[in-house]
Amino acid sequence: MSQALQSRRTARGQDPTPRSSLDADAVRAAYRRWAGIYDAAFGGVSAIGRRRAVAMVNRLPGARVLEVGVGTGLALPHYLPSKRVTGIDLSAEMLARARTRVQQRRLANVDGLLEMDAEAMAFPDDGFDIAVAMFVASVVPHPRQLLAEMRRVVRPGGHLLFVNHFAAEAGPRWWIEWALAPASRALGWHPDFAPAALFEPEDQARAEISPVPPFGLFTLAHLPN
Amino acid sequence: MSDAKHEPQTARNAPIDPRLLEILVCPLTKGPLEYDRANNELISRKAGLAYPVRDGIPIMLPEEARQLED
């Protein structure tokens with residue numbers, strides 16, 4: 001996925017110009033290739049982060065939940081039945097797997113699965129109580145635009161949650177990042193993704209940030225809207 | 001499309017959940033959408049686009065939408 005990385009780096013360098021469709025196409029192509037083995041290859045290492053984020057969603061008030069980058073729907077069975085979940089993703093192949101999961105597990109609280117660009121959502125303002133984006137922020141071409149859209153579709157007083165790998169500022173985590181680098185590239189992440197790429201300084205100061213095992217490789221960030 | 005309603009309902013032409021319709025807007029204009037049941041499309045008059053619904057999943061991407069003729 002060096003091509004995807006390349007195009008995203010170019011796009012980020014040019015922020016805030018609109019990205020070319022090539023970026024979305026490259027990300028979509030990566031996930032089309034990975035859809036079949038995503039759960040086996042990545043489901044394990046990301047499981048704790050996913051569980052923590054869903055547990056936090058379940059504890060927060062409000063029933064209307066948006067999962068941005070729902071993928072194959074790995075998180076969907078873990079939401080409380082009282083949470084009404086809508087999931088979006090850019091990859092039709094991943095969504096097809098999510099739909100199969102919803103049918104097989106009879107997840108009656110999943111209101112819908114939609115193919116959508118997280119940076120230009122087809123939802124009105126203030127329609128959700130909670131939006132959660134797991135392993136998404138470092139994949140989208142313009143993370144700040146993702147944040148702006150999540151802010152828009154969540155009501156004031158609602159909650160935004162992110163689980164992501166953020167670059168280690170210091171310490172011995174580099175070897176884990178190095179070990180995961182091939183998978184990271186394939187999934188369109190980049191190991192040098194810094195919190196500042198997503199958050200304005202005032203957001204970063206307000207966000208509740210907690211490390212997630214294994215090895216604190218992932219971070220759960222909770223930002224009140 | 002006059003016999004559309006006599007087609008067996010397969011995954012491909014599965015209609016959209018009405019609850020979903022209530023929470024969707026055009027991703028470009030953020031304006032309202034109309035559901036064209038016969039063609040299984042979501043119409044944005046303001047944008048002049050018809051968003052397809054495939055296998056019950058609305059594709060809310062302008063680059064995948066059909067241009068409406070006027």
| field | Residue, least open to solvent (accessible area, probe 1.4 Å), within the stretch B:50-70, restricted to residues that are away from chain A (no Cβ under 11 Å) and assigned to a strand (DSSP E or B) | value | B:Ala50
| query | Given the structure, is B:Lys46 more than 21 Å from A:Asp25 (Cα to Cα) and either of a type in the set (Asp, Glu) or at pLDDT 95 or above (or both)? | reply | yes
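Can B:Asp36 be described as modelled with pLDDT under 95 and within 12 Å of chain A (Cβ to nearest Cβ)?
Values: modelled with pLDDT under 95: yes; within 12 Å of chain A (Cβ to nearest Cβ): no.
Criteria not met by B:Asp36.
Listed here are the residues, each with its yes/no results for (1) surrounded by 24 or more Cβ atoms within 10 Å (Cβ to Cβ); (2) more than 11 Å from chain B (Cβ to nearest Cβ).
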| residue | (1), (2) |
| --- | --- |
| A:Val68 | yes, yes |
| A:Gly73 | yes, yes |
| A:Pro77 | no, yes |
| A:Lys83 | no, yes |
| A:Ala92 | no, no |
| A:Leu95 | yes, no |
| A:Thr100 | no, no |
| A:Gln104 | no, yes |
| A:Ala120 | no, no |
| task | Report yes if A:Asp111 is of a type outside the set (Lys, Arg), within 14 Å of another protein chain (Cβ to nearest Cβ), farther than 21 Å from A:Ala47 by Cα and in a loop (DSSP other than H, G, I, E, B), otherwise no. | result | no
| Counting only residues that are open to solvent by 40 Å² or more (accessible area, probe 1.4 Å) and more than 15 Å from the chain's Cα centre (by Cα), how many does the stretch A:148-169 have? | 5
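The values are calculated or read from the model by the stated rules, or taken from the named source; none is laboratory data. Values in this document were obtained by computation on a predicted structure and should not be read as measured data. Every residue, glycine as well, gets a Cβ built from its backbone with ideal geometry; the counts of neighbours run over all protein chains shown. These area figures cover heavy atoms from the full protein model, side chains too; ligands, DNA and RNA do not enter into them. Shrake-Rupley method; radii C 1.70, N 1.55, O 1.52, S 1.80 Å.
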